[in-house]
Amino acid sequence: MTHRERVYACIHPETYKYYLPRNLVLSTWKRLERQYGAAVTTPGFGVVEIRTPAFLLRSTRMLNPITVIRRRACSSEGLASLHQLLHFDEQAYPAHDSP
Amino acid sequence: MSAAQPSPSFDPTEVRARFALDYIHDRHRRLIAGEEVIVHCHHYNSRIQRTVEGAAGIDGKTIFRSAARNSFVRHIAAGFQDGDPESTRWAVAQELFAELGYGTLDLSDPSSDTVRQTAGHFVEGWGAAFNDEAKPVCTLAEGYIEAAYMAVRGESVEVRETECMHCGASSCGFSVRRGAEAWSPPAISERIEAVSTEADAELAESNIDENAIINAVVGLPIRGGDDGLIPAFGVYLANTPADFYNQVAIEFVEAMTECGQREIASRLLSEAGESCAMNTFRGIMDSAEWEGLVKPMLQNPEDTIFALVALSNAFGWGNWRITEHEPGETLEIVSFNGYEALGFLETRGRASEPQCWMLQGVSAGMMALVYGEGSFSERFGTYLADEHDCIAKGNSVCAFAVEES
């Protein structure tokens, strides 16, 4: 099961790195791309990123963990949907989960 | 739609191409449309605004607005090309705002009495840091819109924000009042370049490949996306004219000096820099960019300081070099061309005191971030920086000494 750790980001205080089970990394990115659009790799830093109005989904080339930065358009429903794609169980890690 | 309005068929890509970044590697300068810009994040920008506008006894909002007006009127005009119809010039003004990372401003109907903004860099900054203060926060946009009317039409207007997303509005609204007191774009100061590129002291060495970091940052598209915002390194970045920051800081200190508050003014500006270092750099150090490129270079804690300095150089803060560093104890940094010192020289001439408030605060903040312990508030002020030499005073470089307080 995916777990997460809180990290600091000025954009949103509720920012976490989601650690995926190794066997689910590639399939999860495929699910994310299907839902939110293609990932883009920035030159130089090699950051793999999907941008949506609600989230920034970011990782290194290793694709794991995925940092999820919430944006202004983030809603509870959108967050729940994202958590499903990430195989993340909110009940297991309930702290600080308001969007 | 009148002929004066941005053409509905204007090509944003063509207009944006006028603002391609020109990075001067040997001086670590970032130019957009020929204007020097500095990369700072929403945290620093909103904090410096709050510092200036929140000071008692002075009109900080006017200082902030007029600095925006004066610096952007030239910047917007620099994006015009011979033969541009007025509609294209409005498109340039609109797209430059987004390109620089300030958000989405709708200038499609300049004959209207209202301009709207649907995303804002300062809205995000205040929302993240000062959510308890519900007041309109888009002062820079007010000045920018006034500058746009002057650059496009040569018209003096007064712009005030009447609704703000920071206060819960769905978009920000600005009133445009015609017949405002006439103003003219300020004369361009003669530009002063660095007087030296060599430090008296030997430069310290590290395991950091500064060129790799700088090239990676320069290669990043630090330009507004669909919403005119620039999310990178876990923060929202913006490209802001150096002239803007300089006018804000200089006029703030001058106004506070008239109130007998000079020391407080300089300390507040320095604290904004210190806070910037701790918040922005902490966000950067938790970012995927850091993880992907910088972290593999780190072999000891002091390398982190060198990496942060490399990033600072890529952001255009000044050609910084570390000359001495005792991990956890002391840091000596020189800057060959800090924008604060050069800006003061250009507009006020020789100074009697050092002028690099931001760099002074940042140098202390970096030490507190890397070597300090506890929460931010516990680390704040644990290191003190002294700018003992400053180009604005006539020294060949700006030099900062940091030690534990």
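The values are calculated or read from the model by the stated rules, or taken from the named source; none is laboratory data. Note that the structure is a prediction, hence the values are computed from the model and not measured. Heads up, the Cβs are rebuilt from the backbone with ideal geometry, glycines too, and the neighbour counts pull from every protein chain shown. With ligands, DNA and RNA removed, areas are computed over all heavy atoms of the protein, side chains included. Shrake-Rupley method; radii C 1.70, N 1.55, O 1.52, S 1.80 Å.
For the reader, a short list of remarks on this structure follows.
- Placing unit charges on the Cβ atoms of the charged side chains and taking the dipole of chain B about its Cα centre, the candidate lying farthest along the positive direction among B:Val176, B:Ala255, B:Ala119 is B:Val176.
- Set of lysines near B:Lys135 by C-alpha distance (under 24 Å), chain-local residues within fewer than 8 positions excluded: B:Lys61
- Accessible-area order (highest first, 1.4 angstrom probe) of the listed residues B:His388, B:His40: B:His388, B:His40
- Helix B:301-314 vs. chain B, principal-axis angle (Cα, 0 to 90°, nearest 10): 30 degrees
- Buried solvent-accessible surface, both chains (B, A), 1.4 Å probe, Å² to nearest 100: 2100 Å²
- Förster radius 60 Å - calculated FRET efficiency between B:Ser156 and A:His87, Cβ distance, rounded to 0.05: 0.55
- Among the protein heavy atoms of segment B:12-177, carbon and sulfur supply 45% of the accessible surface, probe 1.4 Å, non-protein parts ignored.
- On a per residue basis, the convex hull of the C-alpha atoms belonging to segment B:298-405 measures out at 97 Å³.
- The residues of chain A have, on average, 49 Å² of accessible surface per residue, using a 1.4 Å probe with all protein chains present.
- Contour minus Cα-Cα distance for B:Thr13 and B:Ile192 (0.36 nm per residue): 61.1 nm
- Relative to the longest principal axis of the Cα atoms of chain B, helix B:42-54 runs at roughly 80 degrees.
- The long axis of helix B:139-153 is offset from the longest Cα principal axis of chain B by roughly 50 degrees.
- Placed amide H near B:Ile38: partners under 5 Å, 5+ positions off or other chain: B:Thr240, B:Ala242
- Whole-percent carbon and sulfur share, accessible surface of segment B:217-365, 1.4 Å: 45 percent
- Model label sites at B:Arg178 and B:Asn207, defined 7 Å from Cα along the beta-carbon direction, differ in position by 6.6 nm.
- Alpha-carbon centroid distance for the pair segment B:286-327 / segment A:37-99, whole angstrom: 27 Å
- A 1.4 Å probe run over segment B:5-56, with the rest of the protein chains in place, finds 38 Å² accessible per residue.
- Those residues of segment A:1-28 for which accessible area with every protein chain present is at least 40 Å² below the isolated value (1.4 Å probe): A:Tyr8, A:Cys10, A:Ile11, A:Lys17
- Taking every alpha-carbon pair within chain B, the share separated by more than 28 Å comes to 45 percent.
- Model label points for A:Ser75 and B:Lys295, set 7 angstrom from Cα along the Cα-to-Cβ axis, are 3.4 nm apart.
- Long-range tail of P(r) for the protein assembly as shown (Cα pairs > 29 Å, %): 51 percent
- Here is the size of segment B:12-177 from its Cα atoms: Rg then Dmax, 15.7, 48 Å.
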